[in-house]
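Below is one structure, written out as structure tokens, with a few remarks after it.
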Amino acid sequence: MIMNKTNVKPADGKLGVLVVGLGAVSSTFMTGVLMARKGLAKPVGSMTQYDKIRVGKGADKKYLKYEDIVPMAKLDDIVFGAWDVYPANAYQSAMYAEVLQEKDINPVKDELEAIKPMKAAFDHNYAKRLNGDNIMTDKTRWEMVEQLREDIRNFKKENNLDRVVVLWAASTEVYVPVDEKTHGTLEALEAAMKADDKEHIAPSMCYAYAALKEGAPFIMGAPNTTVDIPAMWELSEQTGMPIAGKDFKTGQTLVKSGFAPIIGTRCLGLNGWFSTNILGNRDGLVLDEPANFRTKEVSKLSTLESILVPEEQPDLYNANCGGAEEGGHQGYYHKVRINYYPPRNDSKEGWDNIDIFGWMGYPMQIKINFLCRDSILAAPLCLDLVLLSDLAARAGRSGIQRFLSFFLKSPMHDYTKGEVPVNHLFQQYTMLKNAIREMGGYEADEEID
Ligand SMILES: NC(=O)c1ccc[n+]([C@@H]2O[C@H](COP(=O)([O-])OP(=O)(O)OC[C@H]3O[C@@H](n4cnc5c(N)ncnc54)[C@H](O)[C@@H]3O)[C@@H](O)[C@H]2O)c1
């Protein structure tokens, strides 16, 4: 039931969800959606399934679910597909990941078994710890793009789909710094792909390029540079497609972006924030490789610096604690570590030690110990990012979707114009609510609920 005038196209027909990487996160996401639509599990943690947004003010205000404000695709309309380096189908992958118990997988075994990964566009140099053979062989970057485009078209045709969204939930690639010459314009990017420039064109860029060209929104769930370059912004505008990234905001960074505002709002000081994790799944294995961890580190570090800004409050956040000597900023010391520890598998444990100070500079400490489940936290984000990107596409919104920053550790922003990303969880939530309101034909506002 749509309550107001909206210009968003209806969510008619089937929505294809093509996931790059059929590992722990994707198989947990897929299993949960299939179980939920059979009424056998609840999609807990998903904003699109549970959250209610206030629309209108004063006596006219009401709290509505997203589907009552804007036309949303239904879980029943989703058709899954995937690419992966390993040939395991979604059932085998879910069993291997050991995130979910067999009793929570078996009721949808047949549907999961039918999700067989297509051959991956992969380059061993981008994830040295992976050795699967379900990969495209002897293909240049441009040939990878062409094959992926064909895969998307075939998937759409074979499943009689109305629309497709492509979601990267594959391993973190090695860090690819933005290279103005290659990544600065679409023309340069295409030339580099055609010249098979393996150094500057990560396989993930081939997926993103292929998706956008085929009229599918692209979401980057890992911290990879991929769509966070001007060339991809240009392509997404040209094709009228939404893009979002980077890096699902699940455990420690979710806590950080929700907790740092407590320190900031109360004008307490910060000397240092040390975050460390142990993690034993395949993601942890890939991140054990320093070049892959570097990509993650850059993403995880960015959260705090835009919430507690040393230049804005020198008395509170500009105590020189040695961060600058390590390449960080002049101010509090911020460190993030991820340690591969196989016994814990997907059950990540994160510790945060926060050294704060109060009245007259007296020091205090806060300790946070989060015993979480990585993929259980990431699965609802996959669902929300997919459904909201599809919504954005139907609403005619192209380019970077800032309203999706809420779900991401390292929100995309136009750094060429000095734009600062919004990392503050509650500001991000306001952006999310206002985008939904506007797409539903209501007025944006900043009232407190
Ligand atoms: N779970 C979380 O809380 C969380 C949070 C933020 C980001 N992430 C990111 O999500 C991603 C997935 O995490 P996961 O735990 O499912 O990892 P995983 O290792 O279980 O699964 C990743 C899969 O991607 C495949 N893959 C790698 N490169 C590929 C390519 N080029 N094409 C196709 N497939 C490819 C691998 O073979 C693997 O099966 C990781 O990048 C991780 O950093 C996860």
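The numbers here are math on the coordinates, done by the rules we state, and not lab data. Everything quoted here is computed from the prediction, not taken from an experiment. Here the Cβ positions follow ideal geometry from the backbone for every residue, glycine too, while neighbour counts run over all protein chains shown.
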Next item on the list: Estimate the FRET efficiency between Phe274 and Glu180 by the formula 1/(1 + (r/R0)^6), using the beta-carbon distance for r and 30 Å for R0, to the nearest 0.05.
Entry: 0.30
Note to self: Net charge around Glu419, counting only other residues with Cβ within less than 13 Å of its Cβ (Lys, Arg = +1; Asp, Glu = -1)?
What the structure shows: 0
Checklist line | Packing-based ranking, highest mean first, of 89-100, 386-397 given that Cβ atoms within 10 Å are counted | finding: 386-397, 89-100
Next item on the list: Would you please give the residues with an amide H less than 5 Å from that of Ile78, counting only those at least 5 places away or on a separate chain, with H modeled from the backbone geometry?
Entry: Leu15
Margin query: Would segment 252-371 count as rounded, prolate or oblate if I go by the C-alpha gyration tensor, calling it rounded below 1.5 in a/c and otherwise prolate when a/b exceeds b/c, oblate otherwise?
Written below: prolate
Next item on the list: First check a/c for segment 103-172, with a ≥ b ≥ c the square roots of the eigenvalues of its C-alpha gyration tensor; if it is under 1.5, answer rounded, and if not, answer prolate when a/b is larger than b/c or oblate otherwise.
Entry: oblate
Item checked: Inter-probe distance in nm under a simple model that places probes 7 Å from Cα toward Cβ, at Lys335 and His124 -> 3.5 nm
Notebook entry, point to check: With the Cα gyration tensor of the chain giving a ≥ b ≥ c as the square roots of its eigenvalues, does the rule (a/c under 1.5 for rounded; else a/b larger than b/c for prolate; else oblate) give rounded, prolate or oblate?
Noted result: rounded
Note to self: Expected output is a single nm value to one decimal: the length gained when fully extending between Tyr362 and Arg54, i.e. 0.36 nm times separation in residues minus the C-alpha distance. What is it?
What the structure shows: 106.7 nm
Checklist line | Unsatisfied cross-links (Cα-Cα over 29 Å) in the set Lys128/Lys194; Lys157/Lys348; Lys119/Lys198; Lys119/Lys335 | finding: Lys157/Lys348; Lys119/Lys335
Item checked: Extended-chain gain in nm, criterion 0.36 nm per residue less alpha-carbon gap, Ala291 and Lys157 -> 44.4 nm
Check: Separation of segment 222-243 and segment 99-174 by C-alpha centroid, Å?
Finding: 20 Å
Next item on the list: Counting other beta carbons within 10 Å of each Cβ, put Val255, Val176 in order, fewest first.
Entry: Val255, Val176
Next item on the list: Subtract the Cα-Cα distance of Leu40 and Tyr63 from 0.36 nm times their separation in residues, and report this length gain in nm to one decimal.
Entry: 5.6 nm
Next item on the list: With a 10 Å radius around each residue's Cβ, average the other Cβ atoms per peptide and rank 340-348, 276-284, 373-381, highest first.
Entry: 373-381, 276-284, 340-348
Notebook entry, point to check: Under DSSP H, which helices of the chain have Cα atoms covering 27 Å or more of the helix axis and a Kyte-Doolittle average no less than 1.0?
Noted result: 374-394
Checklist line | CD proxy at 222 nm, helix term only [per DSSP H run n ≥ 4: -39500 (n - 2.57); per residue of the chain; nearest 500] | finding: -10500 deg cm²/dmol
Margin query: What's the ranking of 158-164, 46-52 by average number of surrounding C-beta atoms within 10 Å, highest first?
Written below: 46-52, 158-164
Checklist line | Ranked Phe357, Phe248, criterion: other C-beta atoms within 10 Å, fewest first | finding: Phe357, Phe248
